[in-house]
Amino acid sequence: MNEIAKWLSTQTEKHMVLGYGSLLSKDSRERYSNIFTKGIPVTVSGFERAWVTRSIHEQQTYVGAVANAHSQLNAQLIPTQINPALQEREKDYRFVEVSPKSLSFQLHQGEVTDALNERFSQFTFWICETLACEPASEAFPVNQTYIDTCMAGCLEHGGIKEAERFVMHTSLWEHPRVNDRTQPKYPRAAKVNNETIERIDRILAKR
């Protein structure tokens, strides 16, 4: 039994969310959404991640997933209930069911698994698709602490390569951005230490 099959066999929660933004961060999802289950890295085909989710209430822009047959994004597969706390967190999105055939996993052995259909059939997979696509603007900028939260999550579970994939698989990076690190404007910001911030800045500088 390979690593992914073993992980699936331990799960009692039948719903799994494909976290591709701030849910990538263990710290953020534990402190603000009471999600304490361990996630695993996954690639989702058929969706493009872009800076297109406008929060009117919070006056900022987040990444969103948009259906695109020619795109993919890196995410984390997170077992969790679709409860009111998560629905409130994702109120600017709709939960869309994703076929297991759209998921792929990079195993330590370097192979991509495609033989877990029987185990996958026990679960329902969801992605948060953007309700309305609106690019970032001066009135609805992207806050640096949101970027930090997403990329810190990538660094946690996949290292620099996973954080670089976040940048590579995200569109519309040319946006108004606010450096709010001293006074976070993103309400679910992860605690990110200086060393991680430096790593994030080095990755973003390569764009």
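Anything in region 59-106 that is assigned to a loop (DSSP other than H, G, I, E, B) and of a type outside the set (Ser, Thr, Tyr)? List them, or say none. Residues satisfying the conditions are 59, 81, 82, 83, 90, 91, 92, 105.
Restricting attention to region 13-30, the residues that are out of contact with any Gly (no Cβ under 6 Å at 6 or more places or on another chain), touching a residue at least 12 places away in the same chain (Cβ under 8 Å) and either open to solvent by 10 Å² or more (accessible area, probe 1.4 Å) or more than 14 Å from residue 123 (Cα to Cα) (or both) add up to 12. In region 173-182, what residues are out of contact with any helix residue (DSSP H, G or I) (no Cβ under 9 Å at 6 or more places or on another chain) and open to solvent by 100 Å² or more (accessible area, probe 1.4 Å)? Result: 174, 182.
Residue 122 meets each of the listed conditions (1) at pLDDT below 90; (2) surrounded by 18 or more Cβ atoms within 10 Å (Cβ to Cβ) apart from (2).
Please enumerate the residues belonging to region 53-80 that are open to solvent by 10 Å² or more (accessible area, probe 1.4 Å) and hydrophobic (A, V, I, L, M, F, W, C). Residues satisfying the conditions are 56, 66, 67, 69.
For region 137-154, the candidate set comprises residues that are open to solvent by less than 20 Å² (accessible area, probe 1.4 Å) and outside any helix (DSSP H, G or I); within that set, the residue that is nearest to residue 47 (Cα to Cα) is 142. Of all residues in region 185-204, those being over 17 Å from residue 154 (Cα atoms) and either surrounded by fewer than 17 Cβ atoms within 10 Å (Cβ to Cβ) or among the aliphatic types (A, V, I, L, M) (or both) number 2. Residues in region 155-197 that are part of a helix (DSSP H, G or I) and touching a Pro at 6+ places or on another chain (Cβ under 7 Å) were compared, and the one that is modelled with the highest pLDDT is 162.
The values are calculated or read from the model by the stated rules, or taken from the named source; none is laboratory data. The model shown is predicted, which means the values in this text are computed figures rather than measured ones. FYI the Cβ positions are ideal-geometry reconstructions off the backbone, even for glycines, and counts take in every protein chain you see. The area values use the complete protein model at the heavy-atom level, side chains included, leaving out ligands, DNA and RNA. Shrake-Rupley method; radii C 1.70, N 1.55, O 1.52, S 1.80 Å.
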